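Each remark here refers to the structure printed beneath this line.
The numbers here are math on the coordinates, done by the rules we state, and not lab data. Treat the numbers as computed from the prediction; the structure is a model and nothing was measured. Cβ placement follows ideal geometry from the backbone for every residue including glycine, while neighbour counts extend to all protein chains displayed.
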Amino acid sequence: MKVLFIYPSNDLSYPLQIGSLSAFIKQYGHKTDLLSLFIENNITKKHLSSINDKLKDFKPDFVILSCYETSFSWIKEITAYVKGLRPEIVTIIGGYFPTLCPQEVIKVSSIDAICRGEGEWALKEFLDNPQRKNIKNFWFKEKGKIVKNGIRPLIENLDILPFPDKTFFDYQEHLDKTEKKGERVVKIMASRGCPFDCTYCCNKYIKELYPNKNKYLRMRSPKNIVEELKELKAKYSFEKVGFHDDNFTLDLNWLKEFGSLYKKEINLPFYCATRVESCSDKVLDILKKAGCELLLIGVESGDEKYRREIMKRFMSNQSIISAFNRARKKGILTWSFSMVGLPFETKQMLLKTVCLNWQCRPDFVMASIFYPFKGTQLGDICYNKGWVNLQKKDQVTSYAWESILDHPNLSDLEIKIAKYLNSLTAIRSSFFWKQLLIRLNDLIKYNRRI
């Protein structure tokens with residue numbers, strides 16, 4: 001079978017989840033292609049023309065899209081366009097949004113099926129026999145009814161999976177386009193899942209779907225990760241590695257093995273994410289020795305009580321400040337993740353977040369505007385209280401820039417001011433100014449927001 005993956009996005013990142021599916025089904029003789037659509041706000045005639053050209057050239061049997069809640073409006077428009085041109089093509093939607101909100105996605109007339117949870121084995125079974133309707137993880141439409149199958153167990157041993165596909169598009173061109181020479185980053189995943197129960201994140205709720213949910217966090221072996229990077233180094237030119245896992249430092253023994261092997265075999269600077277609770281001197285020493293140059297740390301909110309009771313993030317303000325201080329003393333740059341415009345948040349709480357980031361002295365702050373993801377505790381609270389502005393929601397395709405809430409305590413302007421005030425707490429770092437210049441260049445070159 002021939003499968004076309006379409007990836008609509010407002011950034012230029014490589015879609016790891018699609019690469020994983022492509023590599024897996026290729027093992028069984030299926031052919032794949034990728035169409036990446038960079039969309040700033042709305043789908044244009046140029047985007048539709050690209051889809052039309054790809055359908056004519058590749059002639060796929062299936063079109064598959066991975067769906068975030070913020071991209072759902074694009075997904076509906078793209079699938080309607082595909083069906084208008086080629087009604088016989090089977091359209092399949094996967095990703096976290098159909099996993100958490102399957103009814104909302106499957107009811108769209110231009111969508112034939114959805115895949116909930118991990119897609120490798122489910123997609124392989126469907127492509128091998130498209131007439132089957134008893135495939136776990138899949139929901140289908142059949143004779144006006146919806147066939148709902150249950151969720152299969154998680155893949156526990158990630159080392160059995162092939163490395164994500166980089167051959168269904170020009171990956172070197174992608175690397176050269178997204179960063180200048182000397183800064184080109186290969187992005188990979190060392191794990192799947194997260195053991196924590198943050199109320200604003202989908203991981204907690206997706207985990208509960210699986211029969212083996214106690215195995216939700218799974219790590220690839222250090223050897224497997226290094227083998228992938230060695231293969232990439234032999235084929236492509238790049239200078240850095242980015243690990244895009246929710247938590248890279250939870251298992252100290254794993255980290256020790258990884259650090260030693262990575263330094264010996266790869267020896268490139270890298271960045272990764274950690275939690276405040278994991279920022280011990282021992283962990284930071286391992287990371288520094290292995291080549292970690294940048295650590296991404298979630299601060300989230302500066303209000304300790306709110307963070308603990310509402311967000312279920314159980315760390316004190318002092319422990320957050322100490323984590324940043326320890327990383328700085330080790331010579332590792334830090335990147336703070338924070339949110340503004342949270343449910344129940346007040347002006348005083350906004351200022352607390354700005355003050356906490358100032359005390360942490362991060363080298364960069366990514367302050368996102370809270371987005372109420374359906375199926376999460378905080379998201380559902382916003383819907384139940386009638387705070388979600390559905391008209392705004394249809395227009396907002398990135399949670400970084402606009403609030404979709406009619407917030408009871410804060411205006412849109414106050415939320416945006418807080419976002420940029422948090423960003424400015426990093427002005428004491430030269431890394432901040434370097435990142436600002438990169439973003440200004442993106443603004444000029446791609447008309448992307450700062």
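Which lysines have a Cα less than 26 Å from the Cα of K329, not counting those fewer than 8 places away in the same chain?
K240, K256, K263, K264, K282, K288, K289, K352, K434
Assign unit charges at the C-beta atoms only (+1 for Lys and Arg, -1 for Asp and Glu), then state the dipole size of the stretch 2-148 relative to its Cα centre in Debye, rounded to the nearest 20.
For the stretch 2-148, the charge dipole is close to 520 debye.
Ordered by packing density, taken as the mean number of other Cβ atoms within 10 Å over each peptide's residues, highest first, how do 44-53, 332-341 rank?
332-341, 44-53
Going through the cross-link list K347/K419; K124/K148; K26/K83; K31/K148; K136/K207, which pairs have a Cα-Cα distance over 20 Å in this structure?
K26/K83; K31/K148
Where Lys and Arg each count +1 and Asp and Glu each count -1, what net charge lies around A323 among other residues with Cβ under 12 Å from its Cβ?
Net charge around A323: +4.
State, to one decimal in nm, how far the label point of N214 lies from the label point of N134, with both points 7 Å from Cα in the Cβ direction.
2.9 nm
Would you work out which of L287, G341, F248 lies farthest towards the positive end of the dipole of the chain, given +1 charges on the beta-carbon of Lys and Arg and -1 on that of Asp and Glu, about the Cα centre?
Highest projection toward the positive end goes to L287.
Percent antiparallel among DSSP beta bridges with both residues in the chain, to the nearest 5? Can you show the working numbers first?
On the way: 10 of 52 bridges.
Percent antiparallel among DSSP bridges in the chain is about 20.
Taking the Cα centre as origin and putting +1 on Lys and Arg beta-carbons and -1 on Asp and Glu beta-carbons, what dipole magnitude results for the chain, to the nearest 20 debye?
For this selection, approximately 240 debye.
What do you get for Rg/Rh of the chain when both radii come from the Cα atoms and Rh is the Kirkwood radius?
Rg/Rh for the chain comes to 0.95.
Among bridges DSSP assigns within the stretch 2-148, what percent are antiparallel (round to 5)?
Here the share of antiparallel DSSP bridges comes out near 25 percent.
Provide the packing ranking of 79-92, 145-158, i.e. peptides ordered by the mean count of other C-beta atoms within 10 Å per residue, highest first.
So the peptides 79-92, 145-158, ranked by packing, come out 79-92, 145-158.
Connecting C-alpha atoms closer than 10 Å in a GNM of the chain, tell me which of R218, R328, R132 has the biggest fluctuation.
Result: R132 has the largest fluctuation of those listed.
Tell me, for the chain, which Cys residues have no other cysteine's C-beta sitting closer than 4.7 Å.
If one checks each Cβ against the other cysteines of the chain, C67, C101, C115, C194, C202, C272, C279, C292, C355, C360, C382 turn up with nothing under 4.7 Å.
Evaluate the relative contact order of the stretch 1-100 (contact order divided by residue number), counting alpha-carbon pairs under 8 angstrom at least 6 apart; express in whole percent.
Result for the stretch 1-100 is 35 percent.
Gaussian network model of the chain, Cα springs within a sub-10 Å range: biggest mean-square fluctuation belongs to which of K177, K312, K393?
Of K177, K312, K393, the most mobile in the Gaussian network model is K177.
Pairs K56/K166; K305/K393; K187/K233: which exceed 18 Å Cα-Cα?
The pairs that break the limit, which is 18 Å between Cα atoms, are K56/K166; K305/K393.
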